[in-house]
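Novice: Have a look at this one.
The values are calculated or read from the model by the stated rules, or taken from the named source; none is laboratory data. If you're wondering where the values come from, they're calculated on a predicted model, not measured in any experiment. FYI the Cβ positions are ideal-geometry reconstructions off the backbone, even for glycines, and counts take in every protein chain you see.
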Amino acid sequence: MAVPVDDAVSDAPKHFCGIVAMAFNSDVKYDLKKALRVIQHRGQEAAGIAVYDGKAIKYVRRMGLVHEVLAGPEYDAIAGNMGIGHVRYSTTGSSCAQNCQPIVVTTNVGDVALGHNGDLVNSTKLRTKLQNDGWAFLTTTDSEIIIRILATELTQNPDPVKAIRSTMKCLDGAYALVFAIGNRVFGARDPLGLRPLCLGKLEKGYSLASESAVFDILQGEFVRDIAPGEIVEITSKGFISHRASTPAHTAHCMFEWVYFARPDTIMDGREVYDVRKKLGQVLAHEQPADADVVIPVPDSGRANALGYAQESGIMYEEGLMKNRYVERTFILPEQAKREEGVSLKLNPIRSTVLGKRVVVVDDSIVRGTTLRKIVQMLRRAGAKEVHVRIGCPPVIAPCYYGIDMKTRDHFIAAGRTFEEIAELLGADSVGYTSVKGLQSALGLSEQDLCMACLTSEYPTCVPGEKMRFQKTLI
Ligand code: SF4
């Protein structure tokens, strides 16, 4: 699947969201903006920051890319030494201005701002309860549920750590959170570690972010991942860790390494690029092809294709030219636009594929729309054979944890054999990395990974779905 701007042409599921937090000895606003630009690939629909200016939390948030939202008089008017930021792609809650983040509310301990990445699986129950208690919701997001619970907890107990801990006990599902509570900044990660969050040290203070690449690009240091079930407070001088729960197992989302995160990010101890290259090596071993050349779907399949070429000994070449300058208006969800976008975005390099048996590699495939177009293009450019190889096992089940793949009907692999998929794509053969192969490339046990969209076994209780073995001690 394709990288952020390639959403213009991709049938890939959309990213969830990205979050950052900073506590400095000087204004954080410029660094929050820079950090959000580093993780812009995690959400391109809306962006925002909230900073504590010494008296109150001030914020700027709206629909648009980071450089569009964080510019102009509103942005220029705010300043503060601590704050949080968010980029959004809507998963729960529709894509509209009220659902932009950070969400800010006023409580008895002052203003509170929240940035959230992930989806809750018990949001309906929580929303109903809060509505019955008299809350009127302003948005349709899970994130508002979290901040309403936190506000209630803070009313009963003004200690922010205790309030966050109590809030986390109510939540079920995937969440990485950043909070500004008055003049203090916190982060928290769900007890299964479904969504990522890490800690970094920058020149002017400490920071939390969805991806470690933020700290490299801001000339800082990656300190460590926030542990599943951990709450961390950051200050300009350091950080303080608190436990909310002690999980027996984790359930890191495998899709972060396969597709979502930047290749230069280190996530739960594994560099994303390295994992993707290993996936390509495993794929070559498990799904060999008699071929003359290996080409990636740019840019998403590049590390997988490199690994495939290294392991198979088949020459690696660039076989598809990408137009990087297709305008953003192509970021539209309709199928027809996507199909049109593929040909505007990608074009085969004839000399690489003419008369050759081609292996085309991508990192994952959900609907198959883009790959079908690519196979047609390669054949039109004179490829003798086209073999599709995919670095991730077949996606067959919905995600309830913040990835936009909610209906089974869309999955090309659901209920189909590899031969049937090849026929649909118009390819000579199709091969995927196995679930075991994925685990070995990640070096994580089955019990510490979420692979529910591959196996239909969910790490939390989801009505109507099978739950995997899992124990969490709270
Ligand atoms: S179901 Fe799939 S995409 Fe969703 S959290 Fe689990 S591994 Fe990630």
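Novice: Report, by residue number, each residue of the stretch 441-460 that is surrounded by fewer than 24 Cβ atoms within 10 Å (Cβ to Cβ), over 14 Å from residue 194 (Cα atoms) and in contact (Cβ under 8 Å) with a residue 12 or more places away in the chain.
Specialist: 442, 443, 454, 455, 456
Novice: For the stretch 187-209, which residues satisfy the criterion of being more than 15 Å from the ligand (Cβ to nearest atom) and of a type in the set (Lys, Arg)?
Specialist: 201, 204
Novice: On the given criteria, is residue 178 buried (at least 20 other Cβ atoms within 10 Å of the Cβ) and in contact with a Ser or Thr (Cβ under 7 Å, 6 or more places away or on another chain)?
Specialist: no
Novice: Quickly run through the stretch 376-392 and pick out the residues that are in contact (Cβ under 8 Å) with a residue 40 or more places away in the chain and crowded, with 22+ Cβ neighbours inside 10 Å.
Specialist: Answer for the stretch 376-392, where residues must be in contact (Cβ under 8 Å) with a residue 40 or more places away in the chain and crowded, with 22+ Cβ neighbours inside 10 Å: 378, 386, 387, 388, 389, 390, 391, 392.
Novice: For the stretch 27-43, indicate whether the set of residues that are modelled with pLDDT under 95, surrounded by 24 or more Cβ atoms within 10 Å (Cβ to Cβ) and not β-branched (Val, Ile, Thr) is non-empty.
Specialist: Yes, the stretch 27-43 contains at least one residue that is modelled with pLDDT under 95, surrounded by 24 or more Cβ atoms within 10 Å (Cβ to Cβ) and not β-branched (Val, Ile, Thr).
Novice: For the stretch 165-191, give me each residue that is part of a loop (DSSP other than H, G, I, E, B) and either farther than 14 Å from residue 112 by Cβ or not assigned by TED's automatic domain parsing to the domain that holds residue 122 (or both).
Specialist: 171, 172, 174, 175, 190, 191
Novice: If the Cβ limit is 9 Å and pairs must be 6+ apart or interchain, which residue in the stretch 105-119 that is touching a residue at least 24 places away in the same chain (Cβ under 8 Å) pairs with which residue that is among the small types (Gly, Ala, Ser) and surrounded by fewer than 17 Cβ atoms within 10 Å (Cβ to Cβ)?
Specialist: 110/56; 111/56
Novice: Test residue 162 against the stated conditions and say whether it is surrounded by fewer than 24 Cβ atoms within 10 Å (Cβ to Cβ) and part of a strand (DSSP E or B).
Specialist: Spelling it out, it is not the case that residue 162 is surrounded by fewer than 24 Cβ atoms within 10 Å (Cβ to Cβ) and part of a strand (DSSP E or B).
Novice: Taking helices (runs of 4 or more DSSP H) that fall entirely within the stretch 203-313, which contain at least 3 residues that are under 17 Å from residue 35 (Cα atoms) and either of a type in the set (Asp, Glu) or not assigned by TED's automatic domain parsing to the domain that holds residue 374 (or both)?
Specialist: Working: elements: 213-217, 272-286, 302-312.
Qualifying helices (runs of 4 or more DSSP H): 213-217.
Novice: Given the condition without any contact (Cβ under 8 Å) to a residue 12 or more places away in the chain, more than 16 Å from the ligand (Cβ to nearest atom), more than 22 Å from residue 253 (Cα to Cα) and not aromatic (Phe, Trp, Tyr), answer yes or no: does some residue in the stretch 423-433 qualify?
Specialist: yes
Novice: If residue 469 satisfies every condition in (1) part of a helix (DSSP H, G or I); (2) surrounded by fewer than 16 Cβ atoms within 10 Å (Cβ to Cβ) but one, which is the exception?
Specialist: Failing condition for residue 469: (1).
Novice: Of all residues being assigned to a loop (DSSP other than H, G, I, E, B) and surrounded by fewer than 19 Cβ atoms within 10 Å (Cβ to Cβ) in the stretch 405-427, which is nearest to the chain's Cα centre (by Cα)? Just the residue, please.
Specialist: So the residue we want is 406.
Novice: Still on this model: From 458, 432, which residue is over 21 Å from the mean Cα position of the chain (by Cα) and on the phi < 0 side of the Ramachandran plot? I'd like the intermediate steps shown before the answer.
Specialist: Details: 458 fails: over 21 Å from the mean Cα position of the chain (by Cα).
It is 432.
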